[in-house]
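Right, one structure below, let's go through it.
The values are calculated or read from the model by the stated rules, or taken from the named source; none is laboratory data. None of these values were measured; they are calculated from a predicted model. We place every Cβ from the backbone using ideal geometry, glycine too, and count neighbours over all the protein chains shown. Note: accessible area is taken over every heavy atom of the protein model, side chains too, but ligands, DNA and RNA are not part of it. Shrake-Rupley method; radii C 1.70, N 1.55, O 1.52, S 1.80 Å.
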Amino acid sequence: MRKLPFDKAKLEEIAAKWPTPFHIYDAKAIRANARRFKKAFAWNEGFREYFAVKAAPNPHLMELLKEFDFGSDCSSMAELVLAERVGNVGEKIMFTSNDTPAEEFRKAWELGAIVNFDDVTHIPFFFDAVFGGSPKPGDLEGRVFCCRYNPGPLKGGNAIIGKPEEAKYGFTRAQLFEGYRMLRDAGATRLGLHTMVASNELDPEYIIDTAKMLFELAGDLHDSLGVDFEFVNIGGGVGIPYRPDQKAMDIERVGEGIRKAYGELVKGRGMKPLKLFMECGRCITGPYGYLVARVRHIKNTYRLYAGLDACMSNLMRPALYGAYHEIVVPGKENSPETSVYDVTGSLCENNDKFAIQRVLPVLERGDLVVICDAGAHGHAMGFQYNGKLRSAELLLEEDGSVRQIRRAETLDDYFATLV
Ligand SMILES: *Cc1c(COP(=O)(O)O)cnc(C)c1O
(Lines give C-alpha, C1' and ligand atoms only; values in the text may rest on other atoms or scores of the structure.)
Protein backbone atom coordinates (compact mmCIF):
# COMPACT_ATOMS: atom_id res chain seq x y z
CA MET A 1 0.00 0.00 0.00
CA ARG A 2 1.32 3.41 -0.99
CA LYS A 3 2.18 5.76 1.86
CA LEU A 4 0.43 9.11 1.47
CA PRO A 5 1.60 12.48 2.82
CA PHE A 6 -1.86 13.06 4.35
CA ASP A 7 -4.41 11.01 6.26
CA LYS A 8 -8.18 10.94 5.97
CA ALA A 9 -8.75 13.66 8.58
CA LYS A 10 -6.33 16.00 6.85
CA LEU A 11 -7.93 15.33 3.46
CA GLU A 12 -11.41 15.98 4.83
CA GLU A 13 -10.14 19.26 6.22
CA ILE A 14 -8.73 20.20 2.80
CA ALA A 15 -11.86 19.03 0.98
CA ALA A 16 -14.01 21.19 3.24
CA LYS A 17 -12.26 24.22 1.74
CA TRP A 18 -11.65 22.98 -1.82
CA PRO A 19 -14.26 20.42 -2.82
CA THR A 20 -13.20 17.26 -4.63
CA PRO A 21 -11.97 16.51 -7.17
CA PHE A 22 -8.59 18.23 -6.89
CA HIS A 23 -4.96 17.57 -7.60
CA ILE A 24 -2.57 18.01 -4.70
CA TYR A 25 1.23 18.10 -4.89
CA ASP A 26 3.64 17.34 -2.04
CA ALA A 27 6.21 20.17 -1.93
CA LYS A 28 8.48 18.43 0.54
CA ALA A 29 8.76 15.28 -1.55
CA ILE A 30 9.28 17.25 -4.77
CA ARG A 31 12.15 19.15 -3.13
CA ALA A 32 13.76 16.01 -1.73
CA ASN A 33 13.55 14.35 -5.13
CA ALA A 34 14.94 17.39 -6.98
CA ARG A 35 17.88 17.50 -4.56
CA ARG A 36 18.61 13.81 -5.11
CA PHE A 37 18.30 14.12 -8.86
CA LYS A 38 20.78 17.01 -9.02
CA LYS A 39 23.22 15.21 -6.77
CA ALA A 40 23.31 12.15 -9.03
CA PHE A 41 24.81 14.28 -11.81
CA ALA A 42 26.84 16.69 -9.69
CA TRP A 43 30.06 15.22 -11.13
CA ASN A 44 29.28 17.02 -14.38
CA GLU A 45 30.19 20.70 -14.29
CA GLY A 46 27.28 22.68 -15.67
CA PHE A 47 24.74 19.84 -15.39
CA ARG A 48 21.21 21.13 -15.72
CA GLU A 49 17.77 19.62 -15.60
CA TYR A 50 15.24 21.51 -17.72
CA PHE A 51 11.88 20.54 -16.27
CA ALA A 52 9.51 19.55 -19.07
CA VAL A 53 6.81 22.16 -18.55
CA LYS A 54 4.18 20.12 -20.36
CA ALA A 55 4.23 17.55 -17.55
CA ALA A 56 2.93 20.01 -14.95
CA PRO A 57 2.52 23.49 -16.41
CA ASN A 58 1.91 25.31 -13.16
CA PRO A 59 4.13 28.32 -12.38
CA HIS A 60 4.10 27.55 -8.66
CA LEU A 61 5.62 24.13 -9.29
CA MET A 62 8.08 25.67 -11.75
CA GLU A 63 9.08 28.19 -9.08
CA LEU A 64 9.61 25.41 -6.58
CA LEU A 65 11.93 23.64 -9.03
CA LYS A 66 13.71 26.90 -9.72
CA GLU A 67 15.05 26.69 -6.15
CA PHE A 68 17.25 23.91 -7.54
CA ASP A 69 18.21 25.94 -10.60
CA PHE A 70 16.11 23.74 -12.86
CA GLY A 71 15.43 25.35 -16.23
CA SER A 72 12.32 24.99 -18.36
CA ASP A 73 11.90 22.71 -21.35
CA CYS A 74 9.26 24.44 -23.45
CA SER A 75 7.52 23.38 -26.63
CA SER A 76 4.81 25.98 -27.23
CA MET A 77 4.05 29.69 -26.93
CA ALA A 78 2.16 29.20 -23.67
CA GLU A 79 5.03 27.21 -22.16
CA LEU A 80 7.54 29.87 -23.24
CA VAL A 81 5.42 32.53 -21.56
CA LEU A 82 5.10 30.41 -18.41
CA ALA A 83 8.89 30.13 -18.23
CA GLU A 84 9.21 33.88 -18.77
CA ARG A 85 6.70 34.61 -15.99
CA VAL A 86 8.62 32.55 -13.45
CA GLY A 87 11.86 34.24 -14.47
CA ASN A 88 13.36 31.35 -16.39
CA VAL A 89 14.74 33.17 -19.43
CA GLY A 90 17.87 33.04 -21.57
CA GLU A 91 19.69 29.74 -21.44
CA LYS A 92 17.40 28.49 -18.69
CA ILE A 93 14.92 27.76 -21.47
CA MET A 94 15.37 24.84 -23.78
CA PHE A 95 12.94 25.33 -26.66
CA THR A 96 12.32 21.83 -27.96
CA SER A 97 9.31 21.88 -30.23
CA ASN A 98 8.24 20.26 -33.48
CA ASP A 99 6.16 21.48 -36.42
CA THR A 100 7.13 24.86 -35.00
CA PRO A 101 5.33 28.07 -36.01
CA ALA A 102 7.38 31.17 -36.86
CA GLU A 103 6.03 33.22 -33.96
CA GLU A 104 7.25 30.64 -31.45
CA PHE A 105 10.73 30.76 -32.94
CA ARG A 106 10.61 34.55 -32.65
CA LYS A 107 9.46 34.37 -29.02
CA ALA A 108 12.17 31.86 -28.15
CA TRP A 109 14.76 34.10 -29.81
CA GLU A 110 13.46 37.17 -27.97
CA LEU A 111 13.76 35.31 -24.65
CA GLY A 112 17.32 34.21 -25.43
CA ALA A 113 16.34 30.54 -25.22
CA ILE A 114 18.43 27.66 -26.44
CA VAL A 115 16.80 26.88 -29.77
CA ASN A 116 16.59 23.18 -30.47
CA PHE A 117 15.72 22.40 -34.09
CA ASP A 118 13.52 19.43 -34.87
CA ASP A 119 14.28 19.35 -38.59
CA VAL A 120 16.96 20.45 -41.02
CA THR A 121 14.47 22.64 -42.93
CA HIS A 122 13.66 24.51 -39.72
CA ILE A 123 17.07 26.17 -39.75
CA PRO A 124 16.41 28.38 -42.82
CA PHE A 125 12.78 28.71 -41.66
CA PHE A 126 14.07 30.08 -38.36
CA PHE A 127 16.44 32.47 -40.13
CA ASP A 128 13.52 33.76 -42.20
CA ALA A 129 11.28 34.08 -39.14
CA VAL A 130 13.85 35.93 -37.05
CA PHE A 131 16.06 37.80 -39.54
CA GLY A 132 13.86 37.92 -42.62
CA GLY A 133 16.49 35.93 -44.49
CA SER A 134 20.03 34.72 -43.90
CA PRO A 135 21.64 36.05 -40.73
CA LYS A 136 24.33 38.69 -41.12
CA PRO A 137 27.76 38.15 -39.59
CA GLY A 138 27.46 38.44 -35.84
CA ASP A 139 23.69 37.89 -35.71
CA LEU A 140 24.06 34.49 -34.06
CA GLU A 141 26.87 35.63 -31.78
CA GLY A 142 26.58 34.32 -28.24
CA ARG A 143 23.40 32.35 -28.94
CA VAL A 144 23.06 28.63 -28.40
CA PHE A 145 21.64 26.26 -31.02
CA CYS A 146 20.96 22.61 -30.94
CA CYS A 147 19.60 19.88 -33.20
CA ARG A 148 17.47 16.93 -32.20
CA TYR A 149 18.78 13.56 -33.32
CA ASN A 150 16.48 10.68 -34.23
CA PRO A 151 18.60 7.55 -34.37
CA GLY A 152 15.96 5.63 -36.33
CA PRO A 153 16.71 1.92 -36.48
CA LEU A 154 20.02 2.46 -34.63
CA LYS A 155 18.19 2.50 -31.31
CA GLY A 156 15.63 0.06 -29.97
CA GLY A 157 12.05 1.08 -29.22
CA ASN A 158 10.36 2.13 -26.04
CA ALA A 159 6.76 1.45 -25.03
CA ILE A 160 5.20 4.94 -25.06
CA ILE A 161 7.38 6.81 -27.56
CA GLY A 162 7.56 3.83 -29.91
CA LYS A 163 10.28 2.96 -32.38
CA PRO A 164 12.50 5.93 -33.27
CA GLU A 165 12.09 5.29 -37.00
CA GLU A 166 8.34 5.69 -36.62
CA ALA A 167 8.64 8.83 -34.51
CA LYS A 168 8.03 12.19 -36.16
CA TYR A 169 10.81 13.89 -34.24
CA GLY A 170 14.33 14.88 -35.09
CA PHE A 171 17.00 14.71 -37.79
CA THR A 172 18.46 11.62 -39.39
CA ARG A 173 22.15 11.12 -38.80
CA ALA A 174 23.05 12.45 -42.27
CA GLN A 175 20.82 15.49 -41.78
CA LEU A 176 22.62 16.33 -38.54
CA PHE A 177 25.90 16.79 -40.41
CA GLU A 178 24.07 19.04 -42.85
CA GLY A 179 22.34 20.99 -40.07
CA TYR A 180 25.45 21.72 -38.04
CA ARG A 181 27.31 22.69 -41.21
CA MET A 182 24.55 25.23 -41.94
CA LEU A 183 24.69 26.56 -38.40
CA ARG A 184 28.47 26.74 -38.44
CA ASP A 185 28.53 28.56 -41.78
CA ALA A 186 25.90 31.02 -40.55
CA GLY A 187 28.21 31.95 -37.69
CA ALA A 188 26.82 29.89 -34.80
CA THR A 189 29.64 28.95 -32.43
CA ARG A 190 27.73 27.76 -29.36
CA LEU A 191 26.20 24.36 -30.05
CA GLY A 192 24.48 21.49 -28.30
CA LEU A 193 23.24 18.08 -29.38
CA HIS A 194 19.88 16.67 -28.32
CA THR A 195 17.85 13.51 -28.45
CA MET A 196 14.74 12.17 -26.76
CA VAL A 197 14.13 8.52 -27.38
CA ALA A 198 12.51 7.30 -24.18
CA SER A 199 9.25 7.69 -22.33
CA ASN A 200 8.49 6.18 -18.93
CA GLU A 201 11.63 4.07 -19.23
CA LEU A 202 12.61 2.15 -16.10
CA ASP A 203 15.85 0.56 -17.34
CA PRO A 204 18.88 2.66 -16.30
CA GLU A 205 20.94 1.14 -19.14
CA TYR A 206 18.64 2.63 -21.75
CA ILE A 207 19.32 6.15 -20.43
CA ILE A 208 23.06 5.49 -20.09
CA ASP A 209 23.17 4.16 -23.67
CA THR A 210 21.43 7.30 -24.87
CA ALA A 211 24.17 9.43 -23.32
CA LYS A 212 26.83 7.20 -24.89
CA MET A 213 25.20 7.57 -28.28
CA LEU A 214 25.32 11.37 -28.02
CA PHE A 215 28.88 11.50 -26.68
CA GLU A 216 30.06 9.47 -29.68
CA LEU A 217 28.01 11.48 -32.12
CA ALA A 218 29.31 14.79 -30.74
CA GLY A 219 32.83 13.45 -31.33
CA ASP A 220 32.00 12.37 -34.89
CA LEU A 221 30.42 15.74 -35.70
CA HIS A 222 33.45 17.49 -34.27
CA ASP A 223 35.86 15.40 -36.33
CA SER A 224 33.91 15.91 -39.51
CA LEU A 225 32.91 19.59 -39.21
CA GLY A 226 35.37 21.02 -36.72
CA VAL A 227 32.53 22.21 -34.48
CA ASP A 228 32.71 22.01 -30.70
CA PHE A 229 29.75 21.18 -28.51
CA GLU A 230 28.97 22.81 -25.17
CA PHE A 231 26.43 20.24 -24.10
CA VAL A 232 24.51 17.13 -24.90
CA ASN A 233 20.86 16.89 -23.85
CA ILE A 234 19.68 13.33 -23.42
CA GLY A 235 16.02 14.35 -23.12
CA GLY A 236 13.54 13.16 -20.54
CA GLY A 237 11.71 9.90 -20.33
CA VAL A 238 12.95 8.57 -17.01
CA GLY A 239 10.07 6.44 -15.79
CA ILE A 240 8.34 5.98 -12.47
CA PRO A 241 6.97 2.82 -10.90
CA TYR A 242 3.23 3.17 -11.43
CA ARG A 243 2.65 -0.49 -10.63
CA PRO A 244 3.38 -1.93 -7.20
CA ASP A 245 5.63 -4.59 -8.76
CA GLN A 246 7.83 -2.03 -10.56
CA LYS A 247 11.03 -0.59 -9.18
CA ALA A 248 11.94 3.08 -9.32
CA MET A 249 14.78 3.98 -11.66
CA ASP A 250 18.03 4.01 -9.73
CA ILE A 251 19.02 7.56 -10.64
CA GLU A 252 22.38 7.30 -8.87
CA ARG A 253 23.22 4.36 -11.10
CA VAL A 254 22.26 6.40 -14.16
CA GLY A 255 24.50 9.25 -12.96
CA GLU A 256 27.39 6.90 -12.30
CA GLY A 257 26.95 5.05 -15.61
CA ILE A 258 26.99 8.30 -17.56
CA ARG A 259 30.03 9.51 -15.60
CA LYS A 260 31.93 6.38 -16.66
CA ALA A 261 30.87 6.77 -20.28
CA TYR A 262 31.92 10.42 -20.17
CA GLY A 263 35.40 9.38 -18.99
CA GLU A 264 35.80 7.00 -21.91
CA LEU A 265 34.03 8.75 -24.74
CA VAL A 266 34.57 12.44 -24.00
CA LYS A 267 37.75 12.72 -21.93
CA GLY A 268 39.23 9.62 -23.54
CA ARG A 269 38.74 11.09 -27.00
CA GLY A 270 40.36 14.38 -25.97
CA MET A 271 37.15 16.38 -26.44
CA LYS A 272 36.44 19.67 -24.68
CA PRO A 273 34.27 19.40 -21.55
CA LEU A 274 30.61 18.74 -22.29
CA LYS A 275 27.76 19.75 -20.05
CA LEU A 276 25.04 17.16 -19.54
CA PHE A 277 21.47 18.38 -19.80
CA MET A 278 18.26 16.48 -19.15
CA GLU A 279 14.63 17.46 -19.61
CA CYS A 280 12.65 15.11 -17.44
CA GLY A 281 9.09 15.81 -16.41
CA ARG A 282 7.50 12.61 -15.17
CA CYS A 283 10.15 11.52 -12.67
CA ILE A 284 10.43 15.03 -11.21
CA THR A 285 6.83 15.58 -10.08
CA GLY A 286 4.91 12.42 -11.11
CA PRO A 287 5.01 10.39 -7.90
CA TYR A 288 4.37 13.46 -5.74
CA GLY A 289 1.01 14.51 -7.11
CA TYR A 290 -2.34 12.92 -6.28
CA LEU A 291 -5.81 13.17 -7.71
CA VAL A 292 -8.28 13.22 -4.84
CA ALA A 293 -11.89 12.35 -5.55
CA ARG A 294 -14.96 11.09 -3.76
CA VAL A 295 -17.13 8.09 -4.46
CA ARG A 296 -20.39 9.43 -5.84
CA HIS A 297 -22.27 6.23 -6.64
CA ILE A 298 -21.87 2.50 -6.24
CA LYS A 299 -23.50 0.59 -9.06
CA ASN A 300 -23.96 -3.15 -9.27
CA THR A 301 -24.82 -4.56 -12.70
CA TYR A 302 -22.73 -7.06 -14.66
CA ARG A 303 -19.83 -5.59 -12.78
CA LEU A 304 -19.43 -3.57 -9.63
CA TYR A 305 -18.76 0.09 -10.37
CA ALA A 306 -17.49 2.84 -8.12
CA GLY A 307 -18.37 6.12 -9.82
CA LEU A 308 -16.19 9.05 -8.73
CA ASP A 309 -16.70 12.79 -8.92
CA ALA A 310 -13.50 12.90 -11.02
CA CYS A 311 -13.31 11.67 -14.59
CA MET A 312 -10.79 11.19 -17.37
CA SER A 313 -10.63 14.93 -17.97
CA ASN A 314 -8.80 15.07 -14.63
CA LEU A 315 -6.44 12.20 -15.46
CA MET A 316 -6.45 10.83 -18.94
CA ARG A 317 -3.58 8.34 -18.77
CA PRO A 318 -5.64 5.23 -17.95
CA ALA A 319 -8.01 5.92 -20.86
CA LEU A 320 -5.24 7.00 -23.23
CA TYR A 321 -2.61 4.35 -22.61
CA GLY A 322 -4.36 1.80 -20.42
CA ALA A 323 -2.04 3.14 -17.73
CA TYR A 324 -2.13 1.74 -14.22
CA HIS A 325 -2.49 4.14 -11.28
CA GLU A 326 -2.52 2.93 -7.73
CA ILE A 327 -5.65 3.78 -5.74
CA VAL A 328 -5.67 4.29 -2.00
CA VAL A 329 -8.79 4.72 0.13
CA PRO A 330 -7.80 6.85 3.14
CA GLY A 331 -9.28 5.54 6.36
CA LYS A 332 -9.60 2.06 4.87
CA GLU A 333 -5.89 1.31 4.51
CA ASN A 334 -6.26 -1.57 6.93
CA SER A 335 -9.61 -2.84 5.71
CA PRO A 336 -9.51 -6.16 3.87
CA GLU A 337 -9.46 -5.78 0.08
CA THR A 338 -12.49 -7.90 -0.68
CA SER A 339 -14.27 -6.24 -3.58
CA VAL A 340 -13.50 -5.88 -7.27
CA TYR A 341 -14.44 -2.57 -8.88
CA ASP A 342 -14.25 -0.75 -12.12
CA VAL A 343 -13.50 2.74 -10.82
CA THR A 344 -15.10 5.18 -13.23
CA GLY A 345 -15.79 8.79 -13.97
CA SER A 346 -19.00 10.24 -15.38
CA LEU A 347 -17.93 10.85 -18.98
CA CYS A 348 -20.05 9.23 -21.69
CA GLU A 349 -17.12 7.13 -22.89
CA ASN A 350 -16.73 3.61 -21.61
CA ASN A 351 -12.96 4.02 -21.32
CA ASP A 352 -13.52 6.65 -18.63
CA LYS A 353 -12.18 4.28 -16.00
CA PHE A 354 -9.37 4.93 -13.54
CA ALA A 355 -9.07 1.24 -12.84
CA ILE A 356 -10.56 -1.92 -14.28
CA GLN A 357 -11.35 -4.93 -12.10
CA ARG A 358 -9.31 -3.52 -9.22
CA VAL A 359 -9.36 -5.24 -5.85
CA LEU A 360 -10.15 -2.65 -3.17
CA PRO A 361 -11.72 -2.39 0.25
CA VAL A 362 -15.51 -2.15 0.22
CA LEU A 363 -16.36 1.34 -0.99
CA GLU A 364 -19.27 3.51 0.07
CA ARG A 365 -20.75 6.74 -1.18
CA GLY A 366 -18.73 9.67 0.14
CA ASP A 367 -15.47 7.77 0.58
CA LEU A 368 -12.37 9.72 -0.36
CA VAL A 369 -10.27 8.02 -3.00
CA VAL A 370 -6.68 8.96 -3.82
CA ILE A 371 -5.29 8.18 -7.26
CA CYS A 372 -1.51 8.09 -7.06
CA ASP A 373 1.26 9.21 -9.44
CA ALA A 374 -0.85 11.94 -10.99
CA GLY A 375 1.79 14.65 -10.56
CA ALA A 376 2.99 14.63 -14.17
CA HIS A 377 0.96 14.38 -17.38
CA GLY A 378 -2.08 14.41 -15.07
CA HIS A 379 -3.94 17.69 -14.69
CA ALA A 380 -1.92 18.93 -17.66
CA MET A 381 -3.76 16.65 -20.08
CA GLY A 382 -7.17 17.89 -18.97
CA PHE A 383 -9.87 18.79 -21.45
CA GLN A 384 -13.50 19.87 -21.53
CA TYR A 385 -15.11 17.16 -23.62
CA ASN A 386 -18.60 16.28 -22.44
CA GLY A 387 -18.77 19.58 -20.55
CA LYS A 388 -16.32 18.39 -17.92
CA LEU A 389 -14.27 21.05 -16.19
CA ARG A 390 -10.68 20.96 -15.03
CA SER A 391 -10.14 20.72 -11.30
CA ALA A 392 -8.17 22.85 -8.87
CA GLU A 393 -4.51 22.23 -8.09
CA LEU A 394 -3.30 22.49 -4.50
CA LEU A 395 0.15 22.50 -2.96
CA LEU A 396 0.82 20.79 0.35
CA GLU A 397 3.64 22.84 1.90
CA GLU A 398 6.36 21.46 4.13
CA ASP A 399 4.70 22.93 7.25
CA GLY A 400 1.47 21.07 6.50
CA SER A 401 -0.41 24.11 5.23
CA VAL A 402 -2.18 23.91 1.88
CA ARG A 403 -2.24 26.55 -0.82
CA GLN A 404 -4.39 26.67 -3.95
CA ILE A 405 -2.11 27.07 -6.98
CA ARG A 406 -4.83 26.89 -9.62
CA ARG A 407 -8.56 27.30 -9.08
CA ALA A 408 -11.08 24.89 -10.48
CA GLU A 409 -12.75 25.87 -13.74
CA THR A 410 -16.33 27.12 -13.58
CA LEU A 411 -19.14 27.14 -16.09
CA ASP A 412 -18.15 30.73 -16.88
CA ASP A 413 -14.77 29.44 -18.08
CA TYR A 414 -16.55 26.89 -20.23
CA PHE A 415 -18.72 29.51 -21.88
CA ALA A 416 -16.01 32.19 -22.06
CA THR A 417 -14.95 31.35 -25.61
CA LEU A 418 -18.42 31.08 -27.13
CA VAL A 419 -19.43 33.82 -29.52
C1 LIG B 1 7.49 15.01 -23.09
C2 LIG B 1 8.88 15.47 -23.30
C3 LIG B 1 9.79 15.48 -22.24
C4 LIG B 1 9.46 14.98 -20.86
O5 LIG B 1 9.16 13.63 -20.84
P6 LIG B 1 8.97 12.86 -19.45
O7 LIG B 1 8.53 11.50 -19.88
O8 LIG B 1 7.90 13.59 -18.71
O9 LIG B 1 10.28 12.88 -18.74
C10 LIG B 1 11.05 15.96 -22.48
N11 LIG B 1 11.41 16.41 -23.71
C12 LIG B 1 10.58 16.41 -24.74
C13 LIG B 1 11.05 16.90 -26.05
C14 LIG B 1 9.29 15.92 -24.58
O15 LIG B 1 8.45 15.90 -25.62
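Taken as a whole, the structure leaves Y305 outside the set of residues that are over 17 Å from T20 (Cα atoms), within 16 Å of the ligand (Cβ to nearest atom) and open to solvent by 20 Å² or more (accessible area, probe 1.4 Å).
Among the residues of the range 301-348, just one is in contact with a Cys (Cβ under 9 Å, 6 or more places away or on another chain) and charged (D, E, K, R), namely E326.
Residue pairs whose Cβ atoms lie under 6 Å apart, separated by 6 or more positions or on different chains, with the first residue in the range 244-272 and closer than 18 Å to D203 by Cβ and the second basic (K, R) and part of a helix (DSSP H, G or I), are A261/K212. Scanning the range 367-381 for residues that are within 16 Å of the ligand (Cβ to nearest atom) and open to solvent by 10 Å² or more (accessible area, probe 1.4 Å) turns up H377, H379, A380, M381.
Quick check on the range 51-93: of everything there that is among the small types (G, A, S) and surrounded by fewer than 19 Cβ atoms within 10 Å (Cβ to Cβ), which residue is nearest to the ligand (Cβ to nearest atom)? My answer is S76. Applying the condition of being open to solvent by 30 Å² or more (accessible area, probe 1.4 Å) and not in a helix (DSSP H, G or I) to the range 284-297 and asking which residue is farthest from the ligand (Cβ to nearest atom) yields H297. Scan the range 382-395 residue by residue and report those that are open to solvent by less than 10 Å² (accessible area, probe 1.4 Å) and outside any loop (DSSP other than H, G, I, E, B). Listed by number, the residues that qualify are A392, E393, L394, L395.
Each residue in the range 395-407 was checked for being within 20 Å of E79 (Cα to Cα) and of a type outside the set (K, R), and 1 pass.
Taken together, E264, E337, E364, E326 contain a single residue that is out of contact with any strand residue (DSSP E or B) (no Cβ under 9 Å at 6 or more places or on another chain) and surrounded by fewer than 20 Cβ atoms within 10 Å (Cβ to Cβ), which is E264. A Cβ distance below 9 Å, combined with a sequence gap of six or more or placement on separate chains, defines the contacts here; from the range 60-89, residues that are assigned by TED's automatic domain parsing to the domain that holds R407 and under 25 Å from G170 (Cα atoms) reach no residue that is of a type outside the set (S, T, N, Q) and open to solvent by less than 10 Å² (accessible area, probe 1.4 Å).
Per the conditions (1) farther than 30 Å from N233 by Cα; (2) surrounded by fewer than 21 Cβ atoms within 10 Å (Cβ to Cβ), the sole criterion not satisfied by P21 is (2).
Name the single residue that is modelled with the lowest pLDDT among those in the range 136-171 being part of a loop (DSSP other than H, G, I, E, B) and open to solvent by less than 20 Å² (accessible area, probe 1.4 Å). Among those that are part of a loop (DSSP other than H, G, I, E, B) and open to solvent by less than 20 Å² (accessible area, probe 1.4 Å), it is P151.
The set of residues from the range 251-283 being charged (D, E, K, R) and within 16 Å of the ligand (Cβ to nearest atom) comprises E279, R282. Scan the range 343-358 for residues that are in a strand (DSSP E or B) and buried (at least 18 other Cβ atoms within 10 Å of the Cβ) and the total you get is 6.
The residues of the range 205-249 that are open to solvent by 60 Å² or more (accessible area, probe 1.4 Å) and either away from the ligand (no atom under 16 Å from the Cβ) or more than 30 Å from E326 (Cα to Cα) (or both), listed by number, are E205, D209, K212, E216, H222, D223, S224, R243, P244, D245, K247.
Counting residues in the range 312-322 that are at positive phi, within 16 Å of the ligand (Cβ to nearest atom), in a loop (DSSP other than H, G, I, E, B) and open to solvent by less than 20 Å² (accessible area, probe 1.4 Å) gives zero.
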